[in-house]
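Only one structure is covered here, and it is reproduced in the block below.
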Amino acid sequence: MTDYTAARTGAASVKFMLQRLILAWAVLGVSQVAVFAQSAAPAPEAHGVRNDLPRPYATQRDWGELPANTSAWAAVTAIEPTLDGEFIYVIHRCFENSCEGRPESPILKFDYEGNLLDSFGEGLFVFPHGATVDTQGNLWVTDARGNEESGHQVFKFSPSGEILMTLGQPGVGGTGRNLLHSPNDVVIDPIDGDIFVAESHRGGLNNRIVHFTADGSYVKEWGSKGAAPGEISEPHTIAMDSRGRLFVGDRENNRIQLFTQAGEFIDEWRQFGRPSGISITADDTIYVADSESGPDTSAGELMGIMKGIRIGSAVDGRVSAFIEDMEPLRDDHSGAEGVGVDANGNVYGAVVRRRMLERHVLR
């Protein structure tokens, strides 16, 4: 077992591993029942995305206690359970899809029963976007827009909401060693704490991955606008597997690109659809949220592909299950953008346009 695997699996509960076994049996059972139907189905197109995968999850919508004086969810952008199975962080974008000038706390902290324990982050963000939790339980959140006073930053919070570090300069979007522009997501190496930031959002200045040390010192960057291997067009999400490989959701190119931490291109995967969010659990199960496939809205979407969350292996790229969105072929973008998986194997979808938090449980 590698150091990476030991670090990641050490935090996973026995119950989580049992859930993964249940998923495997569920997939096997549904696959056997549907074998004849699948053999008669049309062959996948060149992108390899399938709509006929097993669906072993039941969906619960609007999970979790809402803050006081709130009657509905705002635009939910990320869900990040802690590795110890104690808390679940939900990040939302306030009402009207922006936190600029808003009084709400965009970061909500829940227990596993959905009880709201704490909230923080008010007044810090313009456009809260991606998030991750490191092995110390600290929460990292990106701000993918900016104004003259704030934005274009990455925040590191303690579990109590104290700001421990920031990357980028408030309200100053740019390129180079000390500036960020519309950062979409962040992931932290579990061994040495190195930081990898994916930026920019649609129409942003940069299309790159920026590498920092654990103390925030710039190391290097890679990527530029384009569709060739190693080029990126809107890196909307980033995740890391047990071997330390980086999985970048190259959304406008309808693919996941795999890189080493030195920025060397490894492979590209198109079979998970158009990636808005990626989560990889300790056992290298990968969950990919596709919120934009379906009819073309002039953003290069895949035609005829259902929106939803595709589940498979980060080891070999095989896709084994699917959580279908409520409006899988709607013309506009409607599915979950962010995805998180708790220690019990429950899958959470962060829905921006419909302003929902979905919870998916194995049947």
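The values are calculated or read from the model by the stated rules, or taken from the named source; none is laboratory data. Keep in mind that what you see is a predicted model, and the values were worked out from it rather than measured. Cβ placement follows ideal geometry from the backbone for every residue including glycine, while neighbour counts extend to all protein chains displayed.
For the range 235-253, give me each residue that is surrounded by 24 or more Cβ atoms within 10 Å (Cβ to Cβ) and either free of Cβ contacts under 8 Å to residues at least 40 places away in the same chain or under 14 Å from Ser291 (Cα atoms) (or both).
His236, Thr237, Gly249, Asp250, Arg251
Please go through the range 287-309 and give me each residue that is in contact with a strand residue (DSSP E or B) (Cβ under 7 Å, 6 or more places away or on another chain), of a type outside the set (Asp, Glu) and buried (at least 24 other Cβ atoms within 10 Å of the Cβ), ordered by number.
Matches in the range 287-309: Tyr287, Val288, Ala289, Ser291, Lys307, Gly308, Ile309.
Looking only at the range 316-344, count every residue that is more than 18 Å from the chain's Cα centre (by Cα), modelled with pLDDT of 95 or more and farther than 19 Å from Arg363 by Cβ and tell me the total.
So the count comes out to 2.
Out of Leu139, Leu180, Leu164, I need the residue that is within 19 Å of Phe120 (Cα to Cα) and crowded, with 18+ Cβ neighbours inside 10 Å. Which one?
Leu139
Restricting attention to the range 313-352, which residues are touching an Asp or Glu at 6+ places or on another chain (Cβ under 7 Å), among the hydrophobic types (A, V, I, L, M, F, W, C) and outside any loop (DSSP other than H, G, I, E, B)?
Ala336, Ala350, Val351, listed by residue number.
Kindly check whether there is at least one residue in the range 255-266 that is touching a residue at least 12 places away in the same chain (Cβ under 8 Å) and under 22 Å from Phe127 (Cβ atoms).
Within the range 255-266, not a single residue is touching a residue at least 12 places away in the same chain (Cβ under 8 Å) and under 22 Å from Phe127 (Cβ atoms).
Hey, Ala299 hits all of (1) touching a His at 6+ places or on another chain (Cβ under 9 Å); (2) part of a strand (DSSP E or B); (3) not charged (D, E, K, R) but one; which does it fall short on?
(2)
With a cut-off of at least 2 residues that are crowded, with 17+ Cβ neighbours inside 10 Å, touching a Pro at 6+ places or on another chain (Cβ under 6 Å) and modelled with pLDDT of 90 or more, name the strands (runs of 3 or more DSSP E) lying wholly within the range 22-100.
Correct list: 88-92.
Residues checked against (1) under 30 Å from Asp342 (Cβ atoms); (2) in contact with a Phe, Trp or Tyr (Cβ under 7 Å, 6 or more places away or on another chain):
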position: Thr135; (1), (2): yes, no
position: His152; (1), (2): no, no
position: Ser160; (1), (2): yes, no
position: Gly176; (1), (2): no, no
position: Ile209; (1), (2): yes, yes
position: Phe212; (1), (2): yes, yes
position: Val219; (1), (2): no, yes
position: Gly226; (1), (2): no, no
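Using the structure shown, decide if Met306 is more than 30 Å from Lys109 (Cβ to Cβ), in a loop (DSSP other than H, G, I, E, B) and either of a type in the set (A, V, I, L, M, F, W, C) or touching a Gly at 6+ places or on another chain (Cβ under 8 Å) (or both).
Values: more than 30 Å from Lys109 (Cβ to Cβ): yes; in a loop (DSSP other than H, G, I, E, B): yes; either of a type in the set (A, V, I, L, M, F, W, C) or touching a Gly at 6+ places or on another chain (Cβ under 8 Å) (or both): yes.
Spelling it out, Met306 is indeed more than 30 Å from Lys109 (Cβ to Cβ), in a loop (DSSP other than H, G, I, E, B) and either of a type in the set (A, V, I, L, M, F, W, C) or touching a Gly at 6+ places or on another chain (Cβ under 8 Å) (or both).
Identify, please: which residue in the range 200-257 is in a loop (DSSP other than H, G, I, E, B) and hydroxyl-bearing (Ser, Thr, Tyr) and is, among those, nearest to His152 (Cα to Cα)?
Among those that are in a loop (DSSP other than H, G, I, E, B) and hydroxyl-bearing (Ser, Thr, Tyr), it is Ser200.
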